[in-house]
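Rule-based calculations on the coordinates, nothing more; no lab input. Note that the structure is a prediction, hence the values are computed from the model and not measured. For neighbour counting, all protein chains shown are included, and Cβ atoms are generated from backbone atoms with ideal geometry for every residue, glycine included.
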Amino acid sequence: MFTGIVEELGEVRAVTELAEAARLTVAGRKVTADVRHGDSIAVNGVCLTVAEATGDAFTADVMRETLDRSSLGRLVVGDRVNLERAAALGDRLGGHLVQGHVDGTGTVVERRPAEHWELVRFSLPGALSRYVVVKGSIAVDGVSLTVVEVTGDEFVVSLIPTTLELTTLGHRRPGDLVNLEVDVVAKYVERLAVPHLAARQADNGPVQGSRP
């Protein structure tokens, strides 16, 4: 489990293509300071398991499913990536509960700079739009953000200078692909509520229109 508070910008050192998978080597001095085999590190919001660690870099295997459902399949040597170690019990929850399980991808649609922040609009897969609400949370490339506007299949967030400086979101341009993870609480609520609502509708029968 993660909190969506990026610890540092790492750099892709190597990408090795495997059968139905890929092996990534990523450098990050802070996240590797206490890393051990089997630890979890989120790379652009995708939870990866450390297979090897040497010096200031770690290596992780990425399965085909993850490559297809996230932007990790497009990474090349030299790319900067957001890194966050798994949260420890007792840590402050500075963002929101993030699993590192990407729900889909979107693209940067528009950037609107302001004096003290920047508004960024992202596209949103239709299947995820029902989970995104104004003032709710969403993880974009692993960064916990608050939604300020939702319109159809797009949403807008406001990025403060710290986020622009310390994460990849400060460098994304219109058309760039980003990983999206919606709030897991919304998905659980839907999962629990739908059967109840369906049963209630079945008991009450179809809604009848009013007679003239």
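Summary table
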{"read-out": "Among 27, 5, 49 the positive-end extreme of the charge dipole of region 1-50 (Cβ point charges)", "value": "27"}
{"read-out": "Euclidean distance of C-alpha centroids, region 58-94 and region 155-174, integer Å", "value": "18 Å"}
{"read-out": "Contour minus Cα-Cα distance for residue 191 and residue 99 (0.36 nm per residue)", "value": "31.4 nm"}
{"read-out": "Region 1-60: GluC sites (Glu not before Pro) in DSSP coil with no more than 11 other Cβ atoms inside 10 Å", "value": "20"}
{"read-out": "Whole-Hz couplings from phi, Karplus 6.51/-1.76/1.60, listed for region 183-194; x for Gly and Pro", "value": "5, 4, 4, 4, 5, 5, 4, 4, 4, 7, 7, 4"}
{"read-out": "Share of alpha-carbon pairs per 5 Å distance bin for region 1-73, given as whole %", "value": "4, 16, 29, 28, 16, 6, 1"}
{"read-out": "Inter-site label distance for residue 68 and residue 116 at 7 Å from Cα along Cβ, in nm", "value": "4.7 nm"}
{"read-out": "Gaussian network model of the chain, Cα within-10 Å springs - most flexible of 111, 191, 13", "value": "191"}
{"read-out": "Sum of -39500 (n - 2.57) over DSSP H runs of 4+, divided by residues of the chain (222 nm, nearest 500)", "value": "-4500 deg cm²/dmol"}
{"read-out": "Magnitude of the charge dipole, the chain, Cβ model with Lys/Arg +1 and Asp/Glu -1, debye to 20", "value": "480 debye"}
